[in-house]
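Colleague: Below is one structure. I have some questions about it.
The values are calculated or read from the model by the stated rules, or taken from the named source; none is laboratory data. Bear in mind the structure is a predicted one, so any value in this text is a computation, not a measurement. Neighbour counts run over all protein chains shown; Cβ positions are idealised from the backbone, glycine included. What goes into the accessible areas is simple: the full protein's heavy atoms, side chains included, and nothing from ligands, DNA or RNA. Shrake-Rupley method; radii C 1.70, N 1.55, O 1.52, S 1.80 Å.
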Amino acid sequence: MRQFVVDEAGEGQRLDNYLMRELKGAPKTLVYRIIRSGEVRVNKGRASADTRVVSGDVVRVPPLRLADPAVAAEAAGRVPPREFPVVFEDEHLLAIAKPAGVAVHGGSGVSFGVIEQLRRARPTAKFLELVHRLDKETSGILLVAKKRSALTKLQDQFRQRDTGKTYAALVIGDWPESLKVIDVALHKTLDGEGERRVHAVAADHPDGRRSISLVRVVQRAGGYTLLDVTIKTGRTHQIRVHLQQAGHPIVGDDKYGDFAVNRAMARGEAVAGLRFGRMFLHARRLAFDHPDSGARIELATPLPEDCATLLARLATPASPSTA
């Protein structure tokens, strides 16, 4: 049995992230499995993957056979350094425009992500930690803390819903103008591989969590609708599941979407000659209080070029064929 005492560097982290940081070489699937089985204890009690640890907590972990530290270090050395477009930066935090197709961190079959690449690109940085997450296929604004104090204050704002988060989503079909508020409970599960799956459930479901999304129609184009979705709660896959259960899945969503439409988009059949093989979900706006000054910061980033191109093509009437 191994024990870890959470220090200041671990303050405020989710239990799964804390363990992946401490258990060098441990696969993400293994970390989730031992948490789900109850073999991981925090202060002698069972805990879930999203439990936040605090300084002084005692985390007990069962005996594990992990990769050789030298092998793990060699693997870390193979992470390619990469900078990402900067939306905002000062001595406390960094906001980048994350591209689609890049995970925010390694794990679950992904050897590295944004945070590992940033650390390699900035070897003199003493502290770089993710404030929140975006799905791999979601593009847009991602916050990274450069100080422990900034991390805890920003994460407190996310937990207390003091941030303003708006996403651009292109959905299949004509979204009803009257549907402006989605208040549907969600239930998150993990499959055998540790992958998350979320289901819309009744409000009185014992494992359901109330989830609220505000929806505004921005543009209608060729049988699709561009929406602004502002989330009042930050549940896993909230926007994707809320829009899907309303009958209008997001274009390119490989978990909850319309797979026939996705395939046609990817092959260039839905829009002649234009291949679109990603999920059209973009974190375009983020508002929060600066962790040091307290000033309200509002950041925005435009649609990526591939999304903007698809939208423009959908909005352009097809030319009549010539004889």
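Colleague: Just checking, which of Val104, Val131, Val87 is aliphatic (A, V, I, L, M) and over 14 Å from Asn17 (Cα atoms)?
Modeller: Val87
Colleague: Something else now. Going by the conditions given, is Ser293 at pLDDT below 95 and not hydrophobic (A, V, I, L, M, F, W, C)?
Modeller: For Ser293, the condition - at pLDDT below 95 and not hydrophobic (A, V, I, L, M, F, W, C) - is not met.
Colleague: Among (1) open to solvent by 80 Å² or more (accessible area, probe 1.4 Å); (2) at pLDDT below 90; (3) touching a helix residue (DSSP H, G or I) at 6+ places or on another chain (Cβ under 7 Å), which single condition is Val79 missing?
Modeller: Failed condition: (1).
Colleague: Now for a different question. Does region 28-55 hold any residues that are in a loop (DSSP other than H, G, I, E, B) and open to solvent by less than 50 Å² (accessible area, probe 1.4 Å), and which are they?
Modeller: Passing the criteria: Gly38, Val40, Ala47, Ala49, Thr51, Val53.
Colleague: Hey, another quick one. Any chance you could count how many residues in region 178-199 are modelled with pLDDT under 95 and more than 19 Å from Leu134 (Cα to Cα)?
Modeller: Total satisfying the criteria: 3.
Colleague: Residue under question is Glu89, and the condition is that it be open to solvent by 20 Å² or more (accessible area, probe 1.4 Å) and at pLDDT 90 or above; does it hold?
Modeller: Here the answer is yes, as Glu89 does meet what is asked.
Colleague: To continue, here is another question. So in region 112-157, with the set limited to residues that are small (Gly, Ala, Ser) and surrounded by fewer than 18 Cβ atoms within 10 Å (Cβ to Cβ), which one is nearest to Ser55 (Cα to Cα)?
Modeller: Looking at residues that are small (Gly, Ala, Ser) and surrounded by fewer than 18 Cβ atoms within 10 Å (Cβ to Cβ), I get Ser149.
Colleague: Can you work out which of the residues in region 97-114 that are touching an Asp or Glu at 6+ places or on another chain (Cβ under 8 Å) and more than 22 Å from Pro302 (Cα to Cα) is modelled with the lowest pLDDT?
Modeller: Once the filter is applied, the top-ranked residue is Ser108.
Colleague: For the condition more than 19 Å from the chain's Cα centre (by Cα), open to solvent by less than 60 Å² (accessible area, probe 1.4 Å) and within 28 Å of Ala97 (Cα to Cα), what is the one hit in Pro291, Pro249?
Modeller: Unique residue meeting the criteria: Pro291.
Colleague: In region 1-27, which residue that is open to solvent by 50 Å² or more (accessible area, probe 1.4 Å) and part of a strand (DSSP E or B) is farthest from Ala145 (Cα to Cα)?
Modeller: Residue satisfying both the conditions and the ranking: Arg2.
Colleague: Give me the pairs: first residue in region 235-259 and assigned to a loop (DSSP other than H, G, I, E, B), second residue surrounded by fewer than 23 Cβ atoms within 10 Å (Cβ to Cβ) and acidic (Asp, Glu), beta-carbon distance under 6 Å, and six or more apart or on different chains, which are they?
Modeller: If the second residue must be surrounded by fewer than 23 Cβ atoms within 10 Å (Cβ to Cβ) and acidic (Asp, Glu), the pairs left are Pro249/Asp258.
Table: residues versus (1) small (Gly, Ala, Ser); (2) in a loop (DSSP other than H, G, I, E, B).
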| position | (1), (2) |
| --- | --- |
| Glu116 | no, no |
| Arg120 | no, no |
| Arg133 | no, yes |
| Leu179 | no, yes |
| Leu186 | no, no |
| Ala203 | yes, yes |
| Asp207 | no, yes |
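Colleague: Kindly indicate whether Gly277 is free of Cβ contacts under 8 Å to residues at least 60 places away in the same chain, within 21 Å of Thr225 (Cβ to Cβ) and open to solvent by 20 Å² or more (accessible area, probe 1.4 Å).
Modeller: Spelling it out, Gly277 is indeed free of Cβ contacts under 8 Å to residues at least 60 places away in the same chain, within 21 Å of Thr225 (Cβ to Cβ) and open to solvent by 20 Å² or more (accessible area, probe 1.4 Å).
Colleague: Within region 238-258, how many residues are of a type in the set (D, E, K, R) and at pLDDT 95 or above?
Modeller: Count: 3.
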